Amino acid sequence: MASAALRYTGVSVGYQGVPVLTGVDLDLRAGQRLVLAGPNGAGKSTLIKSMLGLTQLLGGTATVLDRPPARARGLAGYVPQTGTLDADFPVSVRQVVMMGRYRELGWWRPARAADRDAVDRALDRVGLADRARHRFGALSGGQRQRVLLARALAGEPRLLLLDEPFNGVDAVSQEAIVRVLREVSAAGTALVISTHDLAVARELADLICLINGRQWAAGPVGETLTAETLRRAYGGAAIEVADGRLVVVEP
Amino acid sequence: MNWWDDVLHRAVTEVVLVGVLAGLIGVRVVQRRLSFLTMALTHATFPGVVAASIIGVNILVGGAAAGAVVALGVAALSRRPGQDAAAATGVLLSGGFALGSALVATQSGFSRDLSSLLVGSILTVDATDLIVTAVVLAAVTLLLTLCARPLLLTGFDRAGARAAGLSTGLWDVVLLLTVEVVVVTVVPAVGTILALSLIVAPAAAARLWSDRQPVVTGLAVLFAVASGLIGLSVSTRWNVAAGAGVSLAATGVLLASWPIARARVRGDAARSHPIG
Amino acid sequence: MIEPFTVPFLGRALAELVLLAVICGPISVFVLARGLSFVADALTHTVFPGVVLGVVAGGLDGLFAGALVAGLVTAVLLTVLTRGARLSDDAATAVVLTAMFSIGVVLVSRRSSYTADLTSFLFGRLLTVTPRHLAETAVLVVVILVGLLVAVRALLFRSFDPAGAAAAGLRIGRLDLWLNVLLALVVVAAVRAVGTILVLALLIIPAAAARMVTDRLVVMALLGTVLVVVAGYAGLLLSWTASVRYGLASTSGSSVVLLLVLSYLILIPVRLWRGRTRR
């Protein structure tokens, strides 16, 4: 049996004993793209953080890369929301991407040619090789997001977790990120992507998990993204428009 | 004999006035995370105080002038892109204090005053000090009442405040200058360390008891006055520096409030389910 | 310009400052990056009760041990309290600062010579540094440098992206404690010679000033060290000249601080100009 990238059974997660999200069942294998969709405040970030044991597991069983979530730290790549980072921090783009190699490098060992190559490849992949020596904060929001993606890629993870990677991202960067994500999943990396943008979800997902305080639906995109499940998850009217795309209207 | 002639009576009155003042402003300081700035102000008024006493001006005027320079300096430096307010505050703190000590060194016999600057000399307050404190208290109370809304809005939601047409920069300066006036008034009587302690600890303790602004403010004032009185009586009984006694009493109030906060967190957890 | 430093005590003062410059350049980079200015300020004050108790217990030898213990206690307290969500970081820091300093004052106020003790604690005795002090400082400098080097990568990651660092499996709590302990060690190494005010300046200003002219961390650290050496040399020379030539008393520590502050202020326009050209 192929090993699972992610296996959640009846999971509840939260903070300080207070559940934020309940009833999560997930099964993700190598090369699959899972999109976590739901409105703002649905618990998407909490769920992603739970995959690294950074939020409290209040019930159910969870394994990530066949081990307890906290043990998967450093093995899974993680792309945080750019907005949480200090734009004025004096680091170069290259230094940021090199952070993705820290697991191999440990605390001391100087970077070797292999590490530098991995960094160059990752930067090249997101189309920012020419920005390596720029200061991170001097880039646009979309470019910063691509740098953080490159950092995760530099660690060559088997599982990649992205928290709202398309928030405040320009069209060029969004296209670049989507292309890279398709490439890495084709190469066998499992992906978890959170977004509140259903159009992106539909475009990118193999599997989709619709959450808002609890899991409302999960499975292949076509079966899961229905007007009915959306109405329940968003608590409002979901209207299907002619071209097959869904628009959610807040009640 | 007049009631005011007794050293201890004057000290008690000053402690009560200072406690109310510190409690009122402390709520803002804790809310806006201005503790370090307050610390910087207590130290940075030092060159002003020294310079004023060298040239023979009222030391409150000197302290106020130096403090205003620092308050405006921090406001200006931290508004610039890429300037970190904490670093700017630290630079002005050490710079101000070094300037003060350089001025002190040119005078002889000043070191006694220096230590009283740190720990205060509450037992030597005179009628003028009391009047000044009372006037400042009235003015600060008035200001905080009249400007409560804009101050709250700029503190809580800067984008919203700007959208509502408020100048956040201006209101920041108003708050900083208010803190500065309080610090300048309080420091000569009670010292730099006590000033910081009496402004921060009671307000932080009050915040553990409640989330509602009026309740927090009331409790902060109560805690500050109580710490002042406890500290003062400890200091007269066991002959320790009054400033240190009050500061430790304020810390004690905070420590005593700790279990309350834990109990409240549990209660909240049972009642509401935060999301996000 | 060199001649005054052939006077032994002045030469030793400069040597002490150069030793401290070696660590203050790099460590101030982290103080800036993590916004630990207030924590640094707190540490300079909280070693005071340790200093007092140490002196009472073991004279000048006890001072070192006392400061060390108090510094480490503060580092732990600050790490624990600032991780709790109940109190904001700065309020917790302020409370630890005032409480520990007050304990020191209570201890010292029961002794007779208390103003002298306080004054020397504040301003240090840069001109009475002995060869033994220098040796102790040198040992601590090596310890701190090693402590910083082994963790520099993790500290950098944690400063830049706490969530990412936690996701990568770094122990944030331990890293924060590590940095606070290193800061405490710097304070312990420096406080007797240079006093609290100069220690604070050494922990904050080098990187803050260097940040005005560069975006690169390594350059910031090196520039910071150079700045401290230059300000140390010029400050000592200045206060020496002032007192020998013109009979003006001035504490050497405050001259150094004022020069550091001056360099920070002078570099502000550079930063503004760079900000304009970059965009």
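Does at least one position in region B:192-208 carry a residue that is closer than 18 Å to B:V12 by Cβ, among the hydrophobic types (A, V, I, L, M, F, W, C) and at pLDDT below 85?
yes
Among the residues of region A:155-177, what is the count of those that are β-branched (V, I, T) and more than 23 Å from A:T46 (Cα to Cα)?
1
Which one of these does C:S255 not meet: (1) polar (S, T, N, Q); (2) free of Cβ contacts under 8 Å to residues at least 40 places away in the same chain; (3) more than 14 Å from chain A (Cβ to nearest Cβ); (4) closer than 30 Å to A:R101 by Cβ?
Evaluating C:S255 over (1) polar (S, T, N, Q); (2) free of Cβ contacts under 8 Å to residues at least 40 places away in the same chain; (3) more than 14 Å from chain A (Cβ to nearest Cβ); (4) closer than 30 Å to A:R101 by Cβ leaves (4) as the failure.
Return the residues of region B:12-41 that are at pLDDT below 85 and either of a type in the set (F, W, Y) or over 24 Å from B:S94 (Cβ atoms) (or both); say none if nothing qualifies.
Listed by number, the list holds a single entry, B:Q31.
Taking C:A165 as meeting all but one of (1) touching a Phe, Trp or Tyr at 6+ places or on another chain (Cβ under 6 Å); (2) closer than 27 Å to C:V18 by Cβ; (3) modelled with pLDDT of 85 or more, write down the number of the exception.
(2)
I'd like to verify a number: residues in region A:77-98 that are of a type outside the set (D, E, K, R), under 21 Å from C:V213 (Cβ atoms) and assigned to a helix (DSSP H, G or I), how many?
Initial filter on region A:77-98 (of a type outside the set (D, E, K, R)): A:77-85, A:87, A:89-93, A:95-98.
From what is left, the residues that are under 21 Å from C:V213 (Cβ atoms) are A:87, A:89-93, A:95.
Still in the list and also assigned to a helix (DSSP H, G or I): A:93, A:95.
Counting residues in region A:77-98 that are of a type outside the set (D, E, K, R), under 21 Å from C:V213 (Cβ atoms) and assigned to a helix (DSSP H, G or I) gives 2.
Has region B:185-194 got any residue that is closer than 16 Å to C:A99 by Cα and among the small types (G, A, S)?
yes
Identify the residue in region B:140-149 that is more than 23 Å from B:G73 (Cβ to Cβ) and open to solvent by less than 60 Å² (accessible area, probe 1.4 Å) and, among all such residues, is modelled with the lowest pLDDT.
B:A148
Looking only at region B:162-186, which residues are surrounded by fewer than 24 Cβ atoms within 10 Å (Cβ to Cβ) and of a type in the set (D, E, K, R)?
B:R162, B:D172
Among (1) within 22 Å of C:R34 (Cα to Cα); (2) open to solvent by 20 Å² or more (accessible area, probe 1.4 Å), there is one condition C:A234 misses while meeting the rest; what is its number?
Going through (1) within 22 Å of C:R34 (Cα to Cα); (2) open to solvent by 20 Å² or more (accessible area, probe 1.4 Å) one by one, C:A234 breaks only (1).
When you go through (1) closer than 20 Å to A:P165 by Cα; (2) within 12 Å of chain C (Cβ to nearest Cβ); (3) open to solvent by 70 Å² or more (accessible area, probe 1.4 Å) one by one for A:D124, which number turns out not to apply?
Evaluating A:D124 over (1) closer than 20 Å to A:P165 by Cα; (2) within 12 Å of chain C (Cβ to nearest Cβ); (3) open to solvent by 70 Å² or more (accessible area, probe 1.4 Å) leaves (2) as the failure.
So which pairs qualify, if the first residue must be in region C:142-155 and more than 20 Å from C:A167 (Cβ to Cβ) and touching a residue at least 40 places away in the same chain (Cβ under 8 Å), the second must be surrounded by 14 or more Cβ atoms within 10 Å (Cβ to Cβ) and among the small types (G, A, S), the Cβ gap must be under 9 Å, and the two must be at least 6 apart or on different chains?
From residues that are more than 20 Å from C:A167 (Cβ to Cβ) and touching a residue at least 40 places away in the same chain (Cβ under 8 Å), the pairs are C:V143/C:A189; C:I144/C:A189.
For region C:158-181, enumerate the residues that are open to solvent by less than 10 Å² (accessible area, probe 1.4 Å) and either part of a helix (DSSP H, G or I) or within 16 Å of C:V31 (Cβ to Cβ) (or both).
C:F160, C:G164, C:A165, C:A167, C:L175, C:L179
Say whether the condition of being surrounded by fewer than 16 Cβ atoms within 10 Å (Cβ to Cβ), out of contact with any Gly (no Cβ under 7 Å at 6 or more places or on another chain) and over 17 Å from C:L156 (Cβ atoms) is met by at least one residue in region A:91-113.
yes
Would you please name the residue that is surrounded by the fewest Cβ atoms within 10 Å (Cβ to Cβ), looking only at residues in region A:60-76 that are in contact (Cβ under 8 Å) with a residue 24 or more places away in the chain and in a strand (DSSP E or B)? Break it down stepwise before answering.
Here is the first cut: in region A:60-76, the residues in contact (Cβ under 8 Å) with a residue 24 or more places away in the chain are A:60-66, A:72, A:74-76.
If we keep only those that are in a strand (DSSP E or B) as well, we get A:60-64, A:76.
Values: A:G60: 15, A:T61: 11, A:A62: 21, A:T63: 18, A:V64: 27, A:A76: 27.
Across region A:60-76, the extreme among qualifying residues is A:T61.
Restricting attention to region C:35-44, does a residue exist that is in a helix (DSSP H, G or I) and surrounded by fewer than 24 Cβ atoms within 10 Å (Cβ to Cβ)?
Step one: list which residues in region C:35-44 are in a helix (DSSP H, G or I), which gives C:37-44.
Narrowing the set further to residues that are surrounded by fewer than 24 Cβ atoms within 10 Å (Cβ to Cβ) leaves none.
No, region C:35-44 contains no residue that is in a helix (DSSP H, G or I) and surrounded by fewer than 24 Cβ atoms within 10 Å (Cβ to Cβ).
C:L200 - would you say it is surrounded by 23 or more Cβ atoms within 10 Å (Cβ to Cβ), modelled with pLDDT of 85 or more, within 22 Å of C:L81 (Cβ to Cβ) and at the interface with another protein chain (Cβ under 9 Å from one of its Cβ atoms)?
Criteria met by C:L200.
Counting only residues that are buried (at least 21 other Cβ atoms within 10 Å of the Cβ) and under 20 Å from A:G219 (Cβ atoms), how many does region A:14-32 have?
4
Is region A:137-146 home to any residue that is in contact (Cβ under 8 Å) with a residue 60 or more places away in the chain, in contact with a helix residue (DSSP H, G or I) (Cβ under 7 Å, 6 or more places away or on another chain) and either open to solvent by less than 60 Å² (accessible area, probe 1.4 Å) or within 12 Å of chain C (Cβ to nearest Cβ) (or both)?
The answer is yes; a qualifying residue exists.
Can you confirm whether B:A189 is within 13 Å of another protein chain (Cβ to nearest Cβ) and open to solvent by less than 20 Å² (accessible area, probe 1.4 Å)?
Here the answer is no, as B:A189 does not meet what is asked.
Would you check which residues across region A:133-168 are assigned to a loop (DSSP other than H, G, I, E, B) and closer than 17 Å to A:M98 by Cβ and list them? Break it down stepwise before answering.
Step one: list which residues in region A:133-168 are assigned to a loop (DSSP other than H, G, I, E, B), which gives A:133-134, A:139-140, A:155-158, A:164-168.
Those that are assigned to a loop (DSSP other than H, G, I, E, B) and closer than 17 Å to A:M98 by Cβ: A:R133, A:H134, A:L139, A:G155, A:E156, A:P157.
Just give me the residues in region C:211-246 being closer than 18 Å to C:L149 by Cα and within 14 Å of chain A (Cβ to nearest Cβ), in sequence order.
Listed by number, the residues that qualify are C:R216, C:L217, C:V218, C:V219, C:M220, C:A221, C:L222, C:L223, C:G224.
Looking at A:L57, A:L47 in this structure, which one is away from every other protein chain (no Cβ under 11 Å) and buried (at least 20 other Cβ atoms within 10 Å of the Cβ)? Before you say what the answer is, go through the steps one by one.
Values: A:L57 fails: buried (at least 20 other Cβ atoms within 10 Å of the Cβ).
It is A:L47.
Sort out which residues of region B:78-101 are at pLDDT 75 or above and surrounded by fewer than 24 Cβ atoms within 10 Å (Cβ to Cβ), and write them in order of number.
B:A85, B:L99
For region B:28-46, give me each residue that is surrounded by fewer than 24 Cβ atoms within 10 Å (Cβ to Cβ) and in contact (Cβ under 8 Å) with a residue 60 or more places away in the chain. Show your work before the answer.
Taking region B:28-46 first, the residues surrounded by fewer than 24 Cβ atoms within 10 Å (Cβ to Cβ) are B:28, B:31-33.
Listed by number, the residues that qualify are B:R28, B:Q31, B:R32.
Restricting to region A:60-109, name every residue that is of a type in the set (K, R) and more than 8 Å from every other protein chain (Cβ to nearest Cβ).
Listed by number, the residues that qualify are A:R67, A:R71, A:R94, A:R101, A:R109.
State whether one or more residues within region B:47-57 are open to solvent by 40 Å² or more (accessible area, probe 1.4 Å) and on the phi > 0 side of the Ramachandran plot.
Checked against the condition, which is being open to solvent by 40 Å² or more (accessible area, probe 1.4 Å) and on the phi > 0 side of the Ramachandran plot, region B:47-57 yields at least one hit.
The values are calculated or read from the model by the stated rules, or taken from the named source; none is laboratory data. Computed from a predicted model, the values in this text were never measured in an experiment. Because the Cβ atoms are built from the backbone with ideal geometry, glycine has one as well, and the counts that use them run over all protein chains shown. The area values use the complete protein model at the heavy-atom level, side chains included, leaving out ligands, DNA and RNA. Shrake-Rupley method; radii C 1.70, N 1.55, O 1.52, S 1.80 Å.
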